[in-house]
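Taking it in order: structure first as structure tokens, then the write-up.
Every read-out reported here was derived from the displayed coordinates using simple, explicitly stated rules and does not represent laboratory data. Not measured: the values here are computed from a predicted model. Quick reminder, even Gly has a Cβ in these numbers, built from the backbone with ideal geometry, and neighbours come from all protein chains shown.
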Amino acid sequence: MTQNTVWQNVLEYVRQSITEVEYHTWFEKIRPLGVVNGSLELGVPTSFAGDWIQKHYAALIQEALIRLGAQTPRFELKVTPANPVQEDIFSTSTQTPLQEPRARLNPKYTFENFVVGQNNNLAHAAAVAVAESPGYAYNPLFLYGGVGLGKTHLMHAVGHSVAQRFPEKKIEYVTTETFTNELINSIREDRTSEFRDRYRSVDLLLVDDIQFIAGKERTQDEFFHTFNALYEARKQIILSSDRPPKDILTLESRLRSRFEWGLITDIQSPDLETRVAILKMNSEFRNMRIPEEVLEYIAKQVTSNIRELEGALMRVIAYASLNGVQLSKQIATKALSDVFTASEVNFSPEEVVKGVAEYYGLRAEEIRGAGRRKEVVLPRQIAMYLIRDITHMSLPEIGQFFDGRDHTTVLYAIQKIQEAIESDSNLLQSIKTIKERIR
Ligand SMILES: Nc1ncnc2c1ncn2[C@@H]1O[C@H](COP(=O)(O)OP(=O)(O)OP(=O)(O)O)[C@@H](O)[C@H]1O
């Protein structure tokens, strides 16, 4: 399985440097066969393709292998006319519960593959409820949260589950960008009624990144009518966004109020335990056994974006495989050394609190403790803000660090400082000074 991981990483790199046409023509048909003595073996469909790839893309592939940490970047092309299908989480398996190709659901994004933690349990419960009785539980279900925290995953999970339970239901997943582009094209090509029919005839509509509808009047108008038609027919709508409806500026109020009709629920950054569980699940998914200390090390480096967390795991696996070494914490540190600088890796929240305490003439325990004295409230909020800014800790972890406070308290503190420094240049200067002293 590791060759797939290595190859996925190489592909990601290669894709950024060549055109889509080149990619589809030459790279899509290559299959990773194995890593033998540190050399990546690749299967190509014909000797012509092999020669062409060797001549035009060898340097690029080697570059990608070096970036992955291969000490000696080697690969070998072998002609394998009947290429085995690449086993990867993103390949569409024959059991994929897709109801129809249009639904475009990622087969990996199921409830079974979703780790439930404190950060997402409400969103998960709401998604399960919606999947059990679409159109009747919460409508619309509005999921919001930061980048890479599982909003799309949960939406697709509802899609898979509904497709399995109710095979007759029509499911449509669309990003707001695609919705907008399709609308524009349909107007240009005089096919708006076709566009309307398609979106208004579904049973479950999943719309990703709805915040991008802000400022797009025509799209908002069209979506408003789509929403009404579906809602009145008791069809389920799920929306995802990076912020709650009230914070989507230039959103028509009639749409905003509709978005608030159902349930609005957020997904926070996962705590350390949940991050380790996600990594464990990911490695099991690939039939790989990774030492606990390696998983923990990775989970400590990447705290807020699960996509990056998974990327870091892939990188570590690829690095070990290409260099023919056993996975260990030391190897993980090496593999990730150019992704995370030493200062980011080693920063401790204690040092931040110490810096803030010294600046304000307080004791560190006072800042971390439960006391509510006026003089400690602002320094404590600054400490929370700075920890979030310069360490990789999640909101729940920061809350825990400050005498077991709730993550919402931390969020409130961070927002308060963010707002305050916009108008208070003295405070901004104080924070800069503290930051410099800590570093
Ligand atoms: N709780 C979880 N358990 C397992 N995997 C998860 C979980 N949350 C997120 N992931 C994984 O993290 C990656 C990013 O998730 P996803 O694309 O759903 O994030 P998102 O919130 O929609 O991000 P964006 O804001 O960029 O659209 C995916 O590979 C997803 O499978």
Starting from 0.36 nm per residue, how many nanometres of slack lie between residue 333 and residue 233 once their C-alpha separation is accounted for? 30.6 nm
Two pseudo-spin positions, 7 Å from Cα along C-beta at residue 187 and at residue 289, lie apart in nanometres by 5.9
Tell me, what is the percent relative contact order of segment 349-438, built from C-alpha pairs under 8 Å that lie six or more residues apart? 29
List the chymotrypsin sites (Phe, Trp or Tyr not before Pro) in segment 109-188 that DSSP assigns to loop (not H, G, I, E or B) and whose Cβ has at most 11 other Cβ atoms within 10 Å. Which are they? 136
Okay, which of segment 259-291 sit inside 17 Å, backbone N to the point 7 Å along the Cα-Cβ direction of residue 224? 259-261
So what J values fall out for segment 124-132 if you push phi through Karplus, 6.51 cos²θ - 1.76 cosθ + 1.60 with θ = phi - 60°, rounded to Hz, Gly and Pro as x? 5, 4, 5, 5, 5, 4, 5, 5, 6
Helical mean residue ellipticity (222 nm; -39500 (n - 2.57) per DSSP H run of 4+; nearest 500) of the chain: -16500 deg cm²/dmol
Would you mind calculating the gained length between residue 116 and residue 56 on full extension (0.36 nm times residue separation, minus the Cα-Cα distance), in nm to one decimal? 17.0 nm
Spin-label point model (7 Å from Cα, Cβ direction): what's the residue 29 to residue 49 distance in nm? 0.4
Ranked 155, 384, criterion: other C-beta atoms within 10 Å, fewest first: 155, 384
State the Cα centre-to-centre distance between segment 105-131 and segment 173-200 in whole Å. 29
Over the chain, what relative contact order in percent results from Cα pairs under 8 Å that are six or more residues apart? 15
Let a ≥ b ≥ c be the square roots of the eigenvalues of the Cα gyration tensor of segment 3-79; is it rounded (a/c under 1.5), or, if not, prolate (a/b larger than b/c) or oblate? oblate
Over 19 Å between Cα atoms: which of 354/432; 170/235; 280/329; 300/416; 108/235 fall into that group? 300/416; 108/235
Per-residue Cβ contact counts at 10 Å, fewest first, order 261, 7 as 261, 7
Ordered by packing density, taken as the mean number of other Cβ atoms within 10 Å over each peptide's residues, highest first, how do 224-236, 206-218 rank? 206-218, 224-236
How high is the relative contact order of segment 3-79, given as a whole-number percent (alpha carbon pairs under 8 Å, six or more residues apart)? 34
Distance in nm between residue 72 and residue 415 label points, each 7 Å along Cα→Cβ, equals 5.7
